[in-house]
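Chemist: What follows is a single structure, and I will ask about it in a moment.
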Amino acid sequence: MMHEPAKPHPLSWRRTSRDVCLLLALCYICFVNAIPNPFIDYDDRYGIEYNPNVHGISADNLAHAFSSPQKGEWRMAFLPLRDLSIIYDYSILDMWRGGGGFYDGVERQLHTTNLILHTINVLLVYFLLHAIGLEARVILLGAALFACHPIHVESVTWISGRKDLLSGFFFLSALLIRCHPHAREKIPNLAVIFLLIMACLSKATAVIFPVLVIALDLSRFSSQGDRKKRMHECINSWLPLLTAGFILTLVHAYYAVKGGTASGTNSGPERLLNIIPVYAHYFWQFLFPNHLSLAYPGELPVLTLRVLLAWLVTVWLIYKLVRAGKLQANVLLLFVWLGVCLLPVSGILMTSTLVADRYFYLPSMAACGLLAVGLVSFIRWNSAVRVLAILAVVSLAGLTIHRNTLWSDSEILWRNALEHSPGNTKAQFNLANNYLRKAKPERAAPLLLQIRKNLPDSDDVSVNLATSLMARGELKEAEDLCEKVLKKTPNDIGATLVKGQILLARGNTEQAGFIFTGVLHEHPNSLDALIGLARTLEADGAPSRAFEVVNKAVTVAPDSFEALRAFGDITDRLGIAAKATQAYERARELRPKDPHGSRRLGEIYFKEGNYNFAVINYTRLIKIQPNHPDNHFRLGQSYLKMNRLSDAVESFVQTLKLEAGHAGAKEALENLGYSYTRS
């Protein structure tokens with residue numbers, strides 16, 4: 001039988017202070033190593049780093065946050081509060097640095113805000129579990145599990161996971177007001193509606209809040225007093241929430257269709273069946289998180305042994321709770337909370353479609369409470385069990401800390417995903433993208449060819465493969481791929497840009513410039529188009545005009561290697577050595593093994609007569625390209641200018657070892673009175 005709802009016992013200040021300090025320390029320990037992590041090639045770069053619409057407070061940025069997302073745009077959902085929070089972080093950083101719009105290291109600010117939001121949510125979970133009437137041991141253990149569980153790494157460590165944290169904050173705040181008897185009496189229902197709207201403007205899945213409120217009120221509906229009057233009061237408080245939830249659902253459904261993110265063509269009954277495998281998926285991911293990765297399955301079969309076992313275990317747990325007399329209204333509420341919060345992420349609503357760790361952020365609050373209830377209910381609570389509980393929390397914290405390190409580099413992250421699921425096309429595609437960004441086309445091409453066998457009609461795969469082939473010098477094959485894509489989709493931006501880059505590589509600057517200008521007309525902040533147009537103007541002998549364009553590119557993406565390299569080349573050509581040097585130095589920090597920056601820096605310092613720095617850069621260049629004769633020759637020239645004759649001779653001799661007919665090295669040795677005979 002189901003027992004009457006338990007009234008929350010007041011927590012002492014001493015116990016509450018102790019628990020809060022423990023939870024704060026646990027959050028810090030679990031996620032502090034994520035703060036130095038950079039932007040990731042998974043929405044972060046084009047959604048935040050290269051997106052000027054979130055770089056600080058301005059009238060245009062505020063208007064853009066509330067504007068309608070367009071199909072094909074990165075921002076495919078209407079989540080203005082997420083964008084506003086990122087704008088706030090950029091503005092705070094700019095204010096601390098005295099203005100000027102320099103956002104170097106903004107990742108630390110964004111990660112810190114994510115950690116603060118998660119920590120606040122952990123405390124809200126703690127007080128919410130108390131408000132629904134759970135005992136003190138369950139409250140602390142449930143909040144601790146929520147604080148350290150590695151399934152939350154995607155929401156907390158991923159900068160773009162901000163929406164889960166914001167939505168969770170407003171969602172939990174509103175639910176706490178409804179749960180806590182004193183808060184409910186003093187705070188009007190209008191405040192709860194406001195928090196619901198804020199939660200939905202952070203993430204669409206919060207639209208299920210009214211259903212959870214109804215479940216909460218029904219769980220506390222006793223047989224005492226005037227039941228008819230109490231039900232009437234409840235309905236009056238539900239109606240505004242249901243109305244707000246319905247309107248917000250329509251808003252998100254409209255933007256899902258407009259942005260092209262509406263879920264597939266499955267019928268209603270088929271969508272309803274999704275809850276069966278989705279629940280089982282999260283059941284195992286939550287209980288055994290050692291296999292978490294970004295390689296999410298595209299589809300989940302309804303009937304498998306894993307699915308059947310997950311549901312059998314759940315039914316058995318409920319049965320045991322009923323038999324033990326532990327299935328009180330508050331525990332039943334946690335089951336309802338878990339089920340209701342899984343509805344939007346099961347494909348039933350149009351607000352989300354994929355299985356992902358971040359989708360379990362709201363449901364996991366109930367899952368952590370249920371796990372804590374299960375541990376306390378079925379195991380006699382003694383010193384040994386306390387040690388086991390502590391070991392469980394420590395183990396989960398260790399997994400979380402380890403997963404944070406995977407998010408320190410995009411390549412490591414996607415390679416880890418492929419280790420868990422070698423055939424996952426999404427992980428292969430993103431790893432190939434990362435290789436292209438790091439100028440490793442020889443690694444990207446095999447992955448893209450493999451993906452193309454499975455997805456022959458994918459335009460994105462074809463465009464990236466064309467990019468890879470172009471980087472390898474296979475211009476004809478790359479152009480053929482672009483033409484096929486453009487024949488099918490004439491307005492494909494990626495294929496258009498690659499075609500422009502191919503034309504530029506062939507010296508057809510007129511048509512290349514026409515293409516890049518056309519793209520910029522539709523997308524003024526397109527980084528690839530800006531760099532392409534700047535390179536085109538540079539090739540046409542118009543470095544001053546090229547500088548205007550490339551300066552905008554660096555403004556749009558101050559940490560883009562390609563933009564910095566182009567900026568350095570163009571400013572060097574204009575004779576602005578200081579700016580060129582600064583750009584090359586920053587580009588080399590981003591890609592230390594790229595030889596271009598070290599070579600150009602060596603040339604600039606040599607021209608300026610700063611031969612010591614020229615030697616440093618040519619030495620770095622030789623470590624990258626040890627078998628390139630010109631590198632050794634330039635190093636020898638720098639040594640010669642410094643009157644380090646023995647080092648100069650050694651460099652010139654090494655040049656001739658690599659290229660016996662190198663005229664410059666021969667002449668330099670003759671002038672020094674040395675003769676070299678190759679043995």
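The values are calculated or read from the model by the stated rules, or taken from the named source; none is laboratory data. In this text the structure is predicted, and so the values were computed from the model without any measurement. A quick note on method: Cβ atoms are made from the backbone with ideal geometry, for glycine too, and the neighbour counts reach across all protein chains shown. In case anyone asks, the SASA skips ligands and DNA or RNA and just uses the protein heavy atoms, side chains included. Shrake-Rupley method; radii C 1.70, N 1.55, O 1.52, S 1.80 Å.
Chemist: Is it the case that segment 311-326 has a residue that's surrounded by fewer than 20 Cβ atoms within 10 Å (Cβ to Cβ), in contact with a strand residue (DSSP E or B) (Cβ under 8 Å, 6 or more places away or on another chain) and among the small types (G, A, S)? Quick ask: steps written out before the conclusion?
Modeler: Kept after step one, since they are surrounded by fewer than 20 Cβ atoms within 10 Å (Cβ to Cβ), are these residues of segment 311-326: 311-320, 322-326.
Still in the running and in contact with a strand residue (DSSP E or B) (Cβ under 8 Å, 6 or more places away or on another chain): 325.
Cutting the leftovers down to among the small types (G, A, S) gives us 325.
For segment 311-326, residues surrounded by fewer than 20 Cβ atoms within 10 Å (Cβ to Cβ), in contact with a strand residue (DSSP E or B) (Cβ under 8 Å, 6 or more places away or on another chain) and among the small types (G, A, S): present.
Chemist: Just one of (1) basic (K, R); (2) at pLDDT below 80; (3) over 17 Å from P558 (Cα atoms) trips up R97, so point out which.
Modeler: Only one criterion is unmet by R97, namely (3).
Chemist: Mind checking which residues of segment 287-310 are surrounded by 12 or more Cβ atoms within 10 Å (Cβ to Cβ) and under 21 Å from the mean Cα position of the chain (by Cα)?
Modeler: Answer for segment 287-310, where residues must be surrounded by 12 or more Cβ atoms within 10 Å (Cβ to Cβ) and under 21 Å from the mean Cα position of the chain (by Cα): P289, L292, S293, L294, A295, Y296, P297.
Chemist: Give me the residue from segment 134-143 that is modelled with pLDDT of 90 or more and open to solvent by 10 Å² or more (accessible area, probe 1.4 Å) and, out of that set, farthest from D19 (Cα to Cα).
Modeler: Filtering segment 134-143 for residues that are modelled with pLDDT of 90 or more and open to solvent by 10 Å² or more (accessible area, probe 1.4 Å), the one farthest from D19 (Cα to Cα) comes out as L141.
Chemist: Restricting to segment 539-568, give me the number of residues that are at pLDDT 90 or above and touching an Asp or Glu at 6+ places or on another chain (Cβ under 7 Å).
Modeler: Of the residues in segment 539-568, 1 are at pLDDT 90 or above and touching an Asp or Glu at 6+ places or on another chain (Cβ under 7 Å).
Chemist: Take N491 and decide whether it is polar (S, T, N, Q) and in contact with a helix residue (DSSP H, G or I) (Cβ under 6 Å, 6 or more places away or on another chain). Before you say what the answer is, go through the steps one by one.
Modeler: Working: polar (S, T, N, Q): yes; in contact with a helix residue (DSSP H, G or I) (Cβ under 6 Å, 6 or more places away or on another chain): no.
No; evaluated as a whole, the condition is false for this residue.
Chemist: Which condition breaks for V385 when tested against (1) open to solvent by less than 60 Å² (accessible area, probe 1.4 Å); (2) more than 17 Å from A136 (Cα to Cα); (3) at pLDDT below 90; (4) not acidic (D, E)?
Modeler: Looking at each condition in turn, V385 falls short on (2).
Chemist: Are there any helices (runs of 4 or more DSSP H) wholly within segment 145-227 with 1 or more residues that are among the hydroxyl-bearing types (S, T, Y) and crowded, with 24+ Cβ neighbours inside 10 Å, and if so which?
Modeler: Numbers: elements: 153-156, 162-179, 181-186, 189-200, 209-219.
Fully inside segment 145-227 and qualifying: 153-156, 162-179.
Chemist: Follow-up. Can you pull out the residues in segment 624-650 that are closer than 15 Å to H662 by Cα and among the β-branched types (V, I, T)?
Modeler: V649
Chemist: Is it true that G568 is open to solvent by 20 Å² or more (accessible area, probe 1.4 Å) and either farther than 26 Å from G56 by Cα or touching a Lys or Arg at 6+ places or on another chain (Cβ under 9 Å) (or both)?
Modeler: no
Chemist: Turning to a different aspect of this structure: How many of the residues in segment 19-63 are part of a helix (DSSP H, G or I), farther than 23 Å from A397 by Cα and hydrophobic (A, V, I, L, M, F, W, C)?
Modeler: Here the count works out to 5.
Chemist: Does segment 282-314 hold any residues that are of a type in the set (A, V, I, L, M) and more than 17 Å from L342 (Cα to Cα), and which are they?
Modeler: Passing the criteria: L292, L294, A295, L303, L305, L308, L309, L312, V313.
Chemist: Further, regarding this structure: Based on what the data block shows, is S598 touching a Gly at 6+ places or on another chain (Cβ under 9 Å), open to solvent by less than 30 Å² (accessible area, probe 1.4 Å) and in contact (Cβ under 8 Å) with a residue 24 or more places away in the chain?
Modeler: Considered against the rule, which asks whether it is touching a Gly at 6+ places or on another chain (Cβ under 9 Å), open to solvent by less than 30 Å² (accessible area, probe 1.4 Å) and in contact (Cβ under 8 Å) with a residue 24 or more places away in the chain, S598 comes out as no.
Chemist: Out of segment 388-419, which residues are in contact (Cβ under 8 Å) with a residue 40 or more places away in the chain, open to solvent by less than 60 Å² (accessible area, probe 1.4 Å) and either on the phi > 0 side of the Ramachandran plot or among the charged types (D, E, K, R) (or both)?
Modeler: The answer is R403, D409.
Chemist: Can you tell me which residue among L449, L465 is within 21 Å of L486 (Cβ to Cβ), of a type outside the set (G, A, S) and surrounded by fewer than 16 Cβ atoms within 10 Å (Cβ to Cβ)?
Modeler: Being within 21 Å of L486 (Cβ to Cβ), of a type outside the set (G, A, S) and surrounded by fewer than 16 Cβ atoms within 10 Å (Cβ to Cβ) holds for just one of L449, L465, which is L449.
Chemist: What are the residue pairs meeting all of these: first residue in segment 130-156, first residue within 16 Å of Y28 (Cα to Cα) and touching a residue at least 40 places away in the same chain (Cβ under 8 Å), second residue open to solvent by 10 Å² or more (accessible area, probe 1.4 Å) and polar (S, T, N, Q), Cβ atoms under 9 Å, and 6 or more apart or on different chains?
Modeler: A147/T119; P150/N290
Chemist: Name the pairs: first residue in segment 46-70 and within 23 Å of G105 (Cβ to Cβ) and surrounded by 15 or more Cβ atoms within 10 Å (Cβ to Cβ), second residue of a type in the set (K, R) and at pLDDT below 85, Cβ to Cβ under 8 Å, at least 6 apart or on different chains?
Modeler: Filtered contacts from segment 46-70: G47/R75.
Chemist: Do any helices (runs of 4 or more DSSP H) entirely within segment 579-663 hold 1 or more residues that are among the acidic types (D, E) and within 30 Å of S410 (Cα to Cα), and if so, which?
Modeler: On the way: elements: 595-608, 611-624, 629-641, 645-658.
Where helices (runs of 4 or more DSSP H) fall fully within segment 579-663, none carries at least 1 residues being among the acidic types (D, E) and within 30 Å of S410 (Cα to Cα).
Chemist: Restrict the check to segment 551-562 and report whether at least one residue is in contact (Cβ under 8 Å) with a residue 60 or more places away in the chain, over 24 Å from E474 (Cα atoms), open to solvent by 30 Å² or more (accessible area, probe 1.4 Å) and outside any loop (DSSP other than H, G, I, E, B).
Modeler: Yes - at least one qualifying residue is present in segment 551-562.
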